[in-house]
Amino acid sequence: MLRLSRMTDYGTLVMMHMAKAPERVHSASEIAQHTKLPEPSVRKVLKIMVRAELLCSVRGLKGGYRLAKLPLEISLEALITALEGTAVAITDCCDDEQTDHCEQFDACHMRPHWVVINEAIRHALQGVTVQDLLSSADPTS
């Protein structure tokens, strides 16, 4: 089963909240309050997204975080990669950073197929932006 981590789920919720007002500076406590997420988790995903250059931190009395790019320029693939800490890979042999592949790596007949499938998934995620998610979001939320 393909499953994203809880932090990626939280990070996506944080990004969606911030993208509704991309020019605004948001505090971690305000984001936690609006998303109903634990503030320590919000702080953690904010730091991850700053490191990935998806957000900028703003110092000072009215400091906080704001988007580093427009919602239209942030792909779901970039967001997931930042929050998961690695590129999307559905098997170990699709993971460019994986160095200890399975015993069947050289002889596996499925490997080329998994690579094609993985690239299709990555391409699909690259084609979906935060703006797309906002546009299709429930207007009552």
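Among the residues of the range 103-141 satisfying the criterion of being farther than 17 Å from GLU77 by Cα and either surrounded by 12 or more Cβ atoms within 10 Å (Cβ to Cβ) or in contact with a Cys (Cβ under 6 Å, 6 or more places away or on another chain) (or both), which is modelled with the lowest pLDDT? In this case the residue turns out to be ALA137. Please verify whether LEU55 is at pLDDT 80 or above, surrounded by 11 or more Cβ atoms within 10 Å (Cβ to Cβ) and over 14 Å from the mean Cα position of the chain (by Cα), treating the condition exactly as stated. So LEU55 fails the test.
For the range 66-92, the set of residues classified as over 19 Å from VAL42 (Cβ atoms), in contact with a Ser or Thr (Cβ under 8 Å, 6 or more places away or on another chain) and either buried (at least 16 other Cβ atoms within 10 Å of the Cβ) or hydrophobic (A, V, I, L, M, F, W, C) (or both) consists of LEU72, SER75, LEU76, ALA87, VAL88, listed by residue number.
Within the range 58-65, is there a residue that is surrounded by 14 or more Cβ atoms within 10 Å (Cβ to Cβ), outside any loop (DSSP other than H, G, I, E, B) and without any contact (Cβ under 8 Å) to a residue 60 or more places away in the chain? For the range 58-65, residues surrounded by 14 or more Cβ atoms within 10 Å (Cβ to Cβ), outside any loop (DSSP other than H, G, I, E, B) and without any contact (Cβ under 8 Å) to a residue 60 or more places away in the chain: present. Of everything listed in (1) surrounded by 15 or more Cβ atoms within 10 Å (Cβ to Cβ); (2) not in a helix (DSSP H, G or I), the single unmet condition for VAL45 is (2).
Modelled with pLDDT of 95 or more and in contact with a helix residue (DSSP H, G or I) (Cβ under 7 Å, 6 or more places away or on another chain) - does that describe any residue in the range 82-93? Within the range 82-93, one or more residues are modelled with pLDDT of 95 or more and in contact with a helix residue (DSSP H, G or I) (Cβ under 7 Å, 6 or more places away or on another chain).
The values are calculated or read from the model by the stated rules, or taken from the named source; none is laboratory data. Being a predicted model, the structure only gives us computed values, none of them experimental. Here the Cβ is made from the backbone with ideal geometry for all residues, glycine too, and neighbour counts use every protein chain on show.
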